[in-house]
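Comments concern the structure below.
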Amino acid sequence: QVQLVESGGGLVQPGGSLRLACVASGNIFSIYVMKWYRQAPGKQRELVASIIWNEGATRYGDSAKGRFAISRDDAKNTMYLQMNSLQPEDTAVYYCSAQNYDRNYWGQGTQVTVSS
């Protein structure tokens, strides 16, 4: 069992920045990869970024590359998503996901709204 708790979402103006955090607890030792997804109303769920936990290797979706940065602090069991140059198109519910050997775990989601 893995529990994921997200924070950092909110309302930001276009061009602004937000830093999302996802804290993992429970059986964290088996986690292989953690990911950030997002889903906007009427749109398909989209992979934003992923990080392989032990290596720190990262991968970004097309919408995020160049603006967002995924990172982790393994001492704190925390994954971050630094989001810069935010635009209204980035408005969505952002979800944290952790994968172990046989299942995926999900956070509760946090709303990010980019609007003036």
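The values are calculated or read from the model by the stated rules, or taken from the named source; none is laboratory data. Everything numeric in this text was worked out from a predicted model, so none of it was measured. Cβ placement follows ideal geometry from the backbone for every residue including glycine, while neighbour counts extend to all protein chains displayed. Keep in mind that these areas ignore ligands, DNA and RNA; they rest on the heavy atoms of the full protein, side chains included. Shrake-Rupley method; radii C 1.70, N 1.55, O 1.52, S 1.80 Å.
Summary of computed values
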item: Percent carbon-and-sulfur accessible area, the chain, ignoring ligands, DNA and RNA, probe 1.4 Å; result: 46
item: Distant-in-sequence amide H partners of Q3 (H built 1.01 Å from N, under 5 Å); result: S25, G26, N27
item: Over the chain: Kirkwood hydrodynamic radius from C-alpha pairwise inverse distances, Å; result: 14.1
item: Per residue, in Å², the accessible surface of the range 1-71 once ligands and nucleic acids are set aside, probe 1.4 Å; result: 57
item: Coil-residue chymotrypsin sites (Phe, Trp or Tyr not before Pro) of the range 31-116, DSSP, other Cβ within 10 Å capped at 10; result: Y101
item: Relative contact order (percent, whole number), the chain, Cα cutoff 8 Å, 6+ residue spacing; result: 36
